[in-house]
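Note sheet for the following structure.
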Amino acid sequence: MKRAIIAILAVLCLAGAVQGKDKVNQAWQRAVLAAIDSFPEHGGYYTGSRPNELFARTTWRGLHDAYQMGVDDERPRFDPMLAQPSFCSSATYGVLIKALLIWDTRGKIKREAWVNMKPRVGIADEFNPEGVGQDDGVGFWGRANANGPGLGVLVRELGAGYSFTAYRGAKSVRNRETPDERYLSDGEWCALDIWQRALPGDLMKIFWNRNETRGSDSGAIIGCNDDKTADQEAGHSVIFMGCQGDTVTYWSSNGPGKHPEHMGYSMGRCHKRDIQRVVFTRITRPERFNNARKMAPTDVNAYLNDLNGKRHSTTAEMLVQLGIRIEKETESNS
């Protein structure tokens, strides 16, 4: 069933791949779908830092074990079966790495880049003898795992693609960025053309709309600060798989829930109105992931690092970090 769904979505995606001004790399989109198809179903959802009665291993250990690279290897091997349990950003990172390995049949991404893309998750090995971890915004993994538009910022820094975004607006006065900011109606939000622009295989950051269910305007927030009385980001890192009417389908590690041991890698679905802000990131130049050779494991993106408990971002700041011009969205060539 999983393969059938992905095959159908791939046909729909690639039948009309170039939409207006948007650039699409069809081989890359296919590689992402093939990467998803290599992952197991479920495997558990776990964000904890230590094993417990449900999980003998952590997600961090799974990532470390799945990314297999020796000091003499030119490129890694990524084994999705070992990347269990998982959480959302570990899933999208894993698919990104697996897709790069599927796509790069000509060795365009060199060893130095693969070494820097290896996640440092607090486990010692030959590349990380002190067993340090990478906080949000630190190195390749720290960017991919960050709050806010982490993957979009990463792709922009590497010059590998572009992002496009939409925001429904804040519902609460205290979270409005401008006096005239308006919370769009369901009809207005669902009718935006961004839902038609997105294609299966695009990276997608969901900022959940919880206004109607939990009374929280957290979907308006980018990042987390240290104010315990403030709304904080409520996000989900996923791979977009398509829209059917007003229903959005995506793939990720989905959770939490009452039985996290039965959750994890899977398709998820939600209504467009369940999303308050969205960032789509499309990779068009996967060869530019070779630029990761210049992104040292200790290199810090201060913007993403700050979103992990220090401050919130404005929408305008986020657009700058994504390389999106106001009124005009273009691919970054940096």
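Within segment 59-75, how many residues turn out to be of a type in the set (Asp, Glu) and free of Cβ contacts under 8 Å to residues at least 24 places away in the same chain?
The total comes to 2.
Name the residue that is farthest from Pro85 (Cα to Cα), counting only residues in segment 27-52 that are aliphatic (A, V, I, L, M) and touching a strand residue (DSSP E or B) at 6+ places or on another chain (Cβ under 8 Å).
Val32
Yes or no, residue by residue, for (1) more than 18 Å from Ser89 (Cβ to Cβ); (2) out of contact with any Gly (no Cβ under 8 Å at 6 or more places or on another chain):
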{"residue": "Asp136", "(1), (2)": "no, no"}
{"residue": "Arg143", "(1), (2)": "no, no"}
{"residue": "Gly148", "(1), (2)": "no, no"}
{"residue": "Ala166", "(1), (2)": "yes, yes"}
{"residue": "Lys171", "(1), (2)": "yes, yes"}
{"residue": "Arg176", "(1), (2)": "yes, no"}
{"residue": "Leu184", "(1), (2)": "yes, no"}
{"residue": "Gln196", "(1), (2)": "yes, yes"}
{"residue": "Gly201", "(1), (2)": "no, yes"}
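Please tell me if Ile123 is out of contact with any strand residue (DSSP E or B) (no Cβ under 6 Å at 6 or more places or on another chain), surrounded by 14 or more Cβ atoms within 10 Å (Cβ to Cβ) and either farther than 19 Å from Val155 by Cβ or acidic (Asp, Glu) (or both).
Details: out of contact with any strand residue (DSSP E or B) (no Cβ under 6 Å at 6 or more places or on another chain): yes; surrounded by 14 or more Cβ atoms within 10 Å (Cβ to Cβ): yes; either farther than 19 Å from Val155 by Cβ or acidic (Asp, Glu) (or both): yes.
Yes, satisfied.
State which residue is surrounded by the fewest Cβ atoms within 10 Å (Cβ to Cβ) when the search covers only segment 1-44 and only residues that are among the acidic types (Asp, Glu) and modelled with pLDDT of 95 or more.
Once the filter is applied, the top-ranked residue is Glu41.
Could you pull out every one of the strands (runs of 3 or more DSSP E) wholly within segment 216-334 that has 2 or more residues that are crowded, with 21+ Cβ neighbours inside 10 Å, polar (S, T, N, Q) and touching a residue at least 60 places away in the same chain (Cβ under 8 Å)?
Fully inside segment 216-334 and qualifying: 247-254, 275-283.
Go through the residues of segment 163-185 one by one and say whether even a single one is within 17 Å of the chain's Cα centre (by Cα), surrounded by fewer than 20 Cβ atoms within 10 Å (Cβ to Cβ) and over 24 Å from Arg269 (Cβ atoms).
No: zero hits.
Being over 15 Å from Gly94 (Cα atoms), hydrophobic (A, V, I, L, M, F, W, C) and buried (at least 16 other Cβ atoms within 10 Å of the Cβ) is the filter here, so list the residues in segment 45-62 that pass it.
Answer for segment 45-62, where residues must be over 15 Å from Gly94 (Cα atoms), hydrophobic (A, V, I, L, M, F, W, C) and buried (at least 16 other Cβ atoms within 10 Å of the Cβ): just Phe55.
Out of everything in segment 66-101 that is among the hydrophobic types (A, V, I, L, M, F, W, C) and more than 18 Å from Val155 (Cβ to Cβ), what residue ends up being surrounded by the fewest Cβ atoms within 10 Å (Cβ to Cβ)?
Restricting attention to segment 66-101, the residues satisfying the condition of being among the hydrophobic types (A, V, I, L, M, F, W, C) are 66, 69, 71, 78, 81-83, 87-88, 91, 95-97, 99-101.
Narrowing the set further to residues that are more than 18 Å from Val155 (Cβ to Cβ) leaves 66, 69, 71, 78, 81-83, 87.
Values: Ala66: 22, Met69: 19, Val71: 9, Phe78: 24, Met81: 12, Leu82: 18, Ala83: 29, Phe87: 27.
The residue in question is Val71.
The values are calculated or read from the model by the stated rules, or taken from the named source; none is laboratory data. Being a predicted model, the structure only gives us computed values, none of them experimental. Glycine also receives a Cβ, built like all others from the backbone with ideal geometry; neighbour counts cover every protein chain displayed.
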